[in-house]
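*Asks:* Quick one: structure below, then a few questions.
The values are calculated or read from the model by the stated rules, or taken from the named source; none is laboratory data. This one's a predicted model, so the numbers in the text were calculated from it and none came from an experiment. FYI the Cβ positions are ideal-geometry reconstructions off the backbone, even for glycines, and counts take in every protein chain you see.
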Amino acid sequence: MHSIIRVAAMTALFVTAGLSAYGQATAQPVTLKVGDTAPPLRVDQWIKGKPIADLSKGVYVVEFWATWCGPCRTSIPHITELAKKYQGKVAVAGISVWEQDPSNVKHVKDFVDEMGDKMDYSVALDGTAAAMAETWMKAAGQNGIPAAFIVKDGKIQWIGHPMGMDKPLEQIVAGSYDLKKQAAEDAARNAMQSELAVAVQAMQKGDHKKALEIVDKVLAKNPAMEPQLGAFKFDIMASMGDPAAAQYGLKLSEKRYWDQPMQLNQIAWGLVDDENKFKTKPDYKIAIKIAKRACDLTKDQDPMILDTLAYAHFKNGEVSKAIEVQERAVALLVSGGEIDEETKKEIRDRLEMFKKAAKKG
């Protein structure tokens, strides 16, 4: 169970750190891109502000959100600030999406009323046919919210997270925006997303070789992405039992993650995880070095990281050292907290395993 939690954490690290700037990896074809004509605004009803019917002239922000979306609630006041800054120059439409059921209408209206002046722009509700979700979000390969589209004279200029649209919006309004450059960057991004989506699918199916080939191909074309995709590459290598994972993990740790304890812990654990069947035993001294650095960064106060270090010592044949470190990990376990009881039990059980091994000599 403990290893499952850590592998899940590494997957989360890959998705959030690796793809956050590029959107979520999706295998579905992207048919709505920067430079394309914006689809019509086919909403069910406008519930606040002036309805927007025509995007053919002027600058518009079309932003998608939902009442249940925490990041949306954070973005809304910022969008309001931009709406006020560009009043008379930019029209903003916030579209409630993925909550089209008629029973949600009152809930959405109550939410907008609750936000008050913090949501001071036109707001609409996508209809039961989910026209906006289909023709805008799905067509553009946008699988998460909040998501914003900037439109000028009927053409999509920019697609991304609303918290990142300040600069492009300023340039678009000023007339200094390079649409061709942005379209080329987005095309490259979409191509990379598609490749990574295939890699994720291959990994899920156990085809580690194919996943590794794809990630290596992406990194060859985008070396600056290693801080984001390196952890995923290491995970693939460790999962397939590649002995080279240890040296790559060390290089990645020292070059990219030396001040990031969570990432260091994931790599160290990948080298000692019993679920990773290495063809030859990895160099556990590398796991110790990486885990020790993570412990130093957290001042030996994280039981999960201490547990990783202890297991690395154990795998390296240093049983007494493993017991010493694991006892500190167990001492830090308390009732409640972020660590679930099953994981706490596993950490305690590992200490008992170390002690039994010491008795056997």
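*Asks:* Take the residues in the stretch 316-332 that are in a helix (DSSP H, G or I) and touching a Lys or Arg at 6+ places or on another chain (Cβ under 8 Å); name whichever of them is surrounded by the most Cβ atoms within 10 Å (Cβ to Cβ).
*Replies:* Residues of the stretch 316-332 that are in a helix (DSSP H, G or I), as a first pass: 319-331.
Keeping just the survivors that are touching a Lys or Arg at 6+ places or on another chain (Cβ under 8 Å) gives 323, 326, 330.
Numbers: ILE323: 18, GLN326: 26, VAL330: 18.
That would be GLN326.
*Asks:* Now for a separate question. Select from the stretch 109-153 the residues that are touching a strand residue (DSSP E or B) at 6+ places or on another chain (Cβ under 6 Å) and either surrounded by fewer than 21 Cβ atoms within 10 Å (Cβ to Cβ) or part of a strand (DSSP E or B) (or both) and list them in ascending order.
*Replies:* LYS109, VAL112, SER122, VAL123, ALA124, LEU125, ALA147, ALA148, PHE149, ILE150, VAL151, LYS152
*Asks:* Of these, LYS221, LYS233, LYS209, LYS205, which one is among the basic types (Lys, Arg), within 23 Å of ARG256 (Cα to Cα) and exposed (fewer than 15 other Cβ atoms within 10 Å of the Cβ)? Outline the logic, then answer.
*Replies:* Working: LYS233 fails: exposed (fewer than 15 other Cβ atoms within 10 Å of the Cβ); LYS209 fails: within 23 Å of ARG256 (Cα to Cα); LYS205 fails: within 23 Å of ARG256 (Cα to Cα).
The unique qualifying residue is LYS221.
*Asks:* Same structure again: Using the structure shown, decide if GLN263 is buried (at least 24 other Cβ atoms within 10 Å of the Cβ) and either at pLDDT below 95 or part of a loop (DSSP other than H, G, I, E, B) (or both). Show your work before the answer.
*Replies:* On the way: buried (at least 24 other Cβ atoms within 10 Å of the Cβ): yes; either at pLDDT below 95 or part of a loop (DSSP other than H, G, I, E, B) (or both): yes.
Yes, satisfied.
*Asks:* While we're here: Got a number for residues in the stretch 242-291 being aromatic (Phe, Trp, Tyr) and within 18 Å of GLU226 (Cα to Cα)? Write out each step before concluding.
*Replies:* Let us first name the residues in the stretch 242-291 that are aromatic (Phe, Trp, Tyr), namely 248, 257-258, 269, 278, 284.
In the following step, the residues that additionally are within 18 Å of GLU226 (Cα to Cα) were identified as 248, 257-258.
Matching residues across the stretch 242-291 total 3.
*Asks:* Hey, can you tell me all the residues within the stretch 236-251 that are crowded, with 24+ Cβ neighbours inside 10 Å and either among the basic types (Lys, Arg) or under 13 Å from GLN263 (Cβ atoms) (or both)?
*Replies:* Within the stretch 236-251, GLY249 is the sole residue that qualifies.
*Asks:* Does the stretch 57-91 hold any residues that are more than 27 Å from the chain's Cα centre (by Cα), among the aliphatic types (A, V, I, L, M) and not in a helix (DSSP H, G or I), and which are they? Step through it out loud before you land on a result.
*Replies:* Let us first name the residues in the stretch 57-91 that are more than 27 Å from the chain's Cα centre (by Cα), namely 57-60, 83-91.
Pick out the ones that are also among the aliphatic types (A, V, I, L, M) and you get 59, 83, 90-91.
Passing the criteria: VAL59, VAL90, ALA91.
*Asks:* Further question: Tally the residues that are without any contact (Cβ under 8 Å) to a residue 40 or more places away in the chain and in a helix (DSSP H, G or I), restricting the search to the stretch 276-303.
*Replies:* Counting residues in the stretch 276-303 that are without any contact (Cβ under 8 Å) to a residue 40 or more places away in the chain and in a helix (DSSP H, G or I) gives 10.
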